[in-house]
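Heads up, the thing below is written out as structure tokens.
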Amino acid sequence: MNLIFLGPPGAGKGTMAFRAKEHYNIPHISTGDLFRAAIKNQTELGKKVKSIIDAGDLVPDELTTAIVEERLKQGDADKGFILDGFPRTIPQAEALKKITNIETVINFTVTEEEVVRRLSGRRVCKGCGESFHVEFIPPAKEGVCDKCGGELYTRDDDKIEAIKNRLSVYASSTEPLINFYKVEGNLKDIDASQHPDKVFEDLKATL
Ligand code: AP5
Ligand code: MG
């Protein structure tokens, strides 16, 4: 089950990937998470990408593709994987074609207005990476992860200026992938504006 989760920032790709990875027992590979881990660990890669990510711009294609290629070589991806946030440009999609086959591309659809509401209220667990929302998906105890008890924080790129930039970068660089995968014939739309339980039901039905 080789999957791509496509969609604008805040569509709920990460939220659904958390559920799907457990349900299907396949790894969740988020380029955003890989970059944030590198920043946290202050690696060479992390130093290179921090200012790009904080501003909501895209990390260069070669760097991003190399990381994904490396990650897919780890044995756990042999029986399938969820690529979340990759590819994000046509050159990345072309490069991915040379690395592996993709079975299904899920395109999570949601309005810009909803994206802004979701991202400005998002809280992420420092421990396990699970996403919450102060209003829509609140944790049982404020500031504490339901799953692992970790501390919840606000991402540096969930500030309004960076959110707006990510939306415009999405429109110019990533949205063209919808047509790219339509032509490939493996694109499935899912209405991501619904309750998360319903989005997950639709996802399972589609897969
Ligand atoms: P990345 O981490 O991928 O960020 P993104 O695409 O902006 O997506 P998000 O993680 O913000 O949104 P999501 O769809 O995962 O939503 P979530 O589930 O959290 O990338 C970050 C940066 O890294 C990029 O800007 C770029 O700089 C760099 N980068 C990454 N990949 C790259 C690539 N391939 N090439 C170049 N650069 C790259 O949900 C959002 C919120 O909504 C949460 O609060 C959640 O609780 C809530 N929510 C989720 N579902 C629902 C629902 N159904 N109803 C109500 N609320 C919901
Ligand atoms: Mg995400």
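Report every pair of residues separated by at least 6 positions or lying on different chains whose Cβ atoms are under 8 Å apart, first residue within the stretch 79-94 and closer than 19 Å to Thr15 by Cβ, second within 15 Å of ligand 2 (Cβ to nearest atom) and among the charged types (D, E, K, R).
Ile82/Lys21; Asp84/Lys13; Asp84/Asp33; Gly85/Lys13
For residues that are out of contact with any Phe, Trp or Tyr (no Cβ under 8 Å at 6 or more places or on another chain) and within 16 Å of ligand 2 (Cβ to nearest atom), tally how many sit in the stretch 68-87.
Going through the stretch 68-87 one residue at a time, the tally reaches 4.
Just to be sure, is Phe108 among the aromatic types (Phe, Trp, Tyr), within 12 Å of ligand 1 (Cβ to nearest atom) and touching a residue at least 60 places away in the same chain (Cβ under 8 Å)?
Working: among the aromatic types (Phe, Trp, Tyr): yes; within 12 Å of ligand 1 (Cβ to nearest atom): yes; touching a residue at least 60 places away in the same chain (Cβ under 8 Å): yes.
When the stated conditions are applied, Phe108 passes them.
Values quoted throughout were computed directly from the atomic coordinates according to the rules given, and no laboratory measurement underlies them. Fair warning: this is a prediction, and the values are worked out from it, not measured in the lab. All Cβ positions, glycine included, derive from the backbone under ideal geometry; neighbour counts span all protein chains shown.
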